[in-house]
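The values are calculated or read from the model by the stated rules, or taken from the named source; none is laboratory data. Keep in mind that this is a model prediction, so the values were computed, not measured. Methodologically, a virtual Cβ is constructed for each residue, glycine included, from the backbone with ideal geometry; neighbour enumeration extends over all protein chains shown.
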Amino acid sequence: MKSTVVKLGLATASAVFIALSVNPAGAQNAGKNKADAKAKAAAPAPLPTGGGGGAAYPQRPPAPADVRARGEALYKAECGFCHGDDARGGDMGANLIRSQIVLNDDEGERIAPVLTRGEGVEGTMMPKFSFNQNQIADLAGFLHSFRVNGYDGSRNRPETIVVGNAQAGQAFFGQRCGSCHSATGDLKGIGTRITDARTLQQRWINPSAGGRGVTTRPTTVTVTMNGQKIEGNLLRIDDFTVTLTQADGRQRTIRRDGDNPKVELKDPYAPHKELYTVYTDTNIHDVTAYLVTLK
Ligand code: HEC
Ligand code: HEC
């Protein structure tokens, strides 16, 4: 089963890669205020020290229409299904208009690190995005076009999130999930094991986030140096070093210089992360509606 999973994961990865490179908004650029945004990104101003809820946020002049339009298109394609098309929150992501990060952001300098760091927002299902600075500036322009103090953004969450079509969910499951999972095998009874639909939905969308009573598996790393392999669980990696914990508990940090030494990462949840960009809001609701029936 394990080797099947890996092979299928690779097939999925290449399919997704194609989907990702056809990014309609990626082709164009904001170009505006770029140097400015860069300078701010280097040294963001300190956050306001909080205080009474309704702080006076600076009312910004709206971004140019073309920036907002590009930002909106990108937002709808990449963010809307979690944060809601109106950015006021969906059943999988917070209200962004009232997010302190967005409120304190000017031209993307505070939003950028949330989008581009590490593996996405830790402990959540938000993936990492590889946007360029112009795309982030576009997104910021769009997010800042909402009135913060206007209509109340604390929209109620729906009573139940089981609003999809279980039959359509089953079909989607057959196409996208059945290569690794089975409704009569590993996922049998998942609707009984996880009775809260929201938890069940988060679990299938992002199993790596764990949760109560769930053990998640670490990303493993293999470094090949002078013909020798050093293996362990990944702790940290950047362009210059990789740090891992070996089976005997020892921690090792190895310097990196381009492709030398060779570093291979294996994230057991990679197939799920790749799926983020594949399914639509409707697919998500349908699949959850289906999984709930697996008693
Ligand atoms: C798969 C779902 C998902 C997608 C897609 C997604 N997010 Fe998120 N995002 C989350 C979750 C979950 C959090 C953590 C906060 C929460 O619990 O809602 C988060 C947090 C954030 C935060 C930090 C909010 C704060 O105040 O802490 C920002 C900003 C953000 N997302 C922006 C975006 C943008 C912009 C996009 C599209 C490029 C995007 N997200 C795509 C689920 C998602
Ligand atoms: C390429 C393989 C692959 C595909 C495709 C895939 N998954 Fe998974 N899934 C995994 C792996 C690996 C895990 C982690 C299992 C573990 O930690 O033991 C997992 C975990 C899960 C879990 C958590 C299981 C539990 O017992 O709590 C659920 C639920 C789930 N997947 C549902 C889905 C659904 C629904 C789809 C389709 C939309 C899907 N998966 C597509 C490989 C895949």
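Structure summary
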quantity	calculated
All positions within the range 169-190 that are surrounded by fewer than 18 Cβ atoms within 10 Å (Cβ to Cβ) and not hydrophobic (A, V, I, L, M, F, W, C)	G174, Q175, R176, G178, S179, H181, S182, T184, G185, D186, K188, G189
Hits in the range 171-207 - residues which are within 14 Å of K295 (Cβ to Cβ) and not hydrophobic (A, V, I, L, M, F, W, C)	T184, K188, G189, G191, T192, R193, T195
The one condition in (1) surrounded by fewer than 16 Cβ atoms within 10 Å (Cβ to Cβ); (2) farther than 29 Å from C79 by Cα that I230 fails to fulfil	(1)
Cβ-Cβ under 7 Å pairs, at least 6 apart or on other chains, the range 69-95 side closer than 20 Å to V163 by Cβ, far side within 16 Å of ligand 2 (Cβ to nearest atom) and not in a helix (DSSP H, G or I)	F81/T280; C82/M92; D91/I161; M92/M125
Residue list for the range 85-113, filter: of a type in the set (V, I, T) and either in contact with an Asp or Glu (Cβ under 6 Å, 6 or more places away or on another chain) or crowded, with 18+ Cβ neighbours inside 10 Å (or both)	I97, V102, I111
Checklist (1) in a loop (DSSP other than H, G, I, E, B); (2) surrounded by fewer than 22 Cβ atoms within 10 Å (Cβ to Cβ); (3) more than 6 Å from ligand 1 (Cβ to nearest atom) applied to T124, failing item	(3)
Residue check, I284 within 27 Å of the chain's Cα centre (by Cα) and either assigned to a helix (DSSP H, G or I) or assigned by TED's automatic domain parsing to the domain that holds K229 (or both)	yes
Single match in N283, N233 (criterion: within 16 Å of ligand 1 (Cβ to nearest atom) and either without any contact (Cβ under 8 Å) to a residue 40 or more places away in the chain or under 30 Å from Q170 (Cβ atoms) (or both))	N283
Residues of the range 279-295 satisfying the condition of being of a type outside the set (S, T, Y) and loosely packed, with under 15 Cβ neighbours inside 10 Å	K295
Of the criteria (1) within 30 Å of G164 (Cβ to Cβ); (2) in a loop (DSSP other than H, G, I, E, B); (3) of a type outside the set (S, T, Y); (4) modelled with pLDDT of 85 or more, which one L291 fails	(2)
